[in-house]
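Colleague: There's a structure below that I have some questions on.
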Amino acid sequence: MSKNRRDFMKVGAAAVGASMLTPYAGFAERMDRDERALFSMAVNDAGEYTLPPLPYAYEALEPHIDAQTMRLHHDIHHNGYVKGLNAALKDMEQARGSGDYGLIDRFAQKAAFHGSGHILHTIFWQNMINADKSGSPKGMLKRQLETDFGSVDAFMAQYKNTSAKVEGSGWGILAWEPLGRRLVVLQAEKHQNLTQWGVAPLLVVDVWEHAYYLKYQNRRGEYLDNFMQVVNWEDVGNRLEAVMK
Ligand code: MN
């Protein structure tokens, strides 16, 4: 196993953390797959999604992201997506059992909304680290940013401006687009919509008001400036290397 691969798996394992539960059938072997580590969609022995613990303490991102926001955001908001996703899957299971598919479109919408929320928040926590350890883009990530955006600074400016202009609630996303083999910056306005199917999100920033309102009120730009101070560039680089293989 290469060093990068080892580091990458470590990142995935850290995301799941100590809450790794008894695997259900087939789960252990799938754990080795890149996708498993990428999205860290931990499930319990009943096959239900679980809330992954933060890979650091609530106050680890202070003063850029405050502990109270982190606590509410992770424990309440993210947990709501996990519960909603499990409920949608249960609704679908019941529909398959009864043969009553009258509400199946609603269930699919719920699974998309809560599933996207769960996946994006899981990446979002891992995308951040204390500012002292934030570092800067290196290696393959740096080269690809330069190729696709001209320079790292140009990417930073495009990413911040794109994220600042998301209407209402949503996300700013740096993603790998595998058909053209290039990095793209996207907005997610409603996170279950407007995706480019097949992209792999690498760096995501939550611009829903709950992510910053306590500390920054309506000053989203100031929040984004502070978010950029706590990006875990090693995590972003590991994700790129994994999807480019
Ligand atoms: Mn959020």
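What follows draws every value from the coordinates through simple rules; no lab data is involved. No experiment lies behind these values; they were computed from the predicted model shown. Heads up, the Cβs are rebuilt from the backbone with ideal geometry, glycines too, and the neighbour counts pull from every protein chain shown.
Colleague: Loop only per DSSP, at most 10 neighbouring Cβ atoms within 10 Å: give me the GluC sites (Glu not before Pro) in the range 100-198, ordered by residue number.
Modeller: Passing sites in the range 100-198 are Glu167.
Colleague: Can I ask one more? Add +1 for every Lys or Arg and -1 for every Asp or Glu among the other residues with Cβ under 13 Å from the Cβ of Ile65, and state the total.
Modeller: Details: positive: Arg71, Lys215; negative: Glu59, Glu62, Asp66, Asp206, Glu222, Asp225.
Local net charge: -4.
Colleague: Residue by residue, what Karplus-based ³J(HN,Hα) values in Hz, rounded to whole numbers, does the range 165-174 have, using 6.51, -1.76 and 1.60 with θ = phi - 60° and x for Gly and Pro?
Modeller: With the stated coefficients, the range 165-174 comes to 9, 4, 7, x, 9, x, 9, x, 9, 8 Hz.
Colleague: Related question: What does the charge count near His74 come to, summing +1 for each Lys or Arg and -1 for each Asp or Glu among other residues with Cβ under 13 Å from its Cβ?
Modeller: -3
Colleague: Taking θ = phi - 60°, what integer Hz values does the Karplus form 6.51 cos²θ - 1.76 cosθ + 1.60 yield along the range 146-158, in sequence order, with x for Gly and Pro?
Modeller: Ordered by residue, 3J(HN,Hα) equals 5, 5, 8, 10, x, 7, 4, 4, 5, 4, 4, 5, 5 Hz.
Colleague: Residue-wise, which Karplus ³J(HN,Hα) couplings in Hz belong to the range 221-235, taking 6.51 cos²θ - 1.76 cosθ + 1.60, θ = phi - 60°, and x for glycine or proline?
Modeller: So the Karplus estimates, Gly and Pro as x, are x, 5, 4, 5, 4, 6, 4, 4, 6, 10, 5, 8, 5, 5, 4 Hz.
Colleague: Enter the Cα centre distance for the pair the range 213-245 and the range 83-102, rounded to the nearest angstrom.
Modeller: 35 Å
Colleague: Quick one: length gained pulling Ala57 to Glu189 fully straight, 0.36 nm per residue minus the C-alpha distance?
Modeller: Here the segment from Ala57 to Glu189 would lengthen by 44.6 nm.
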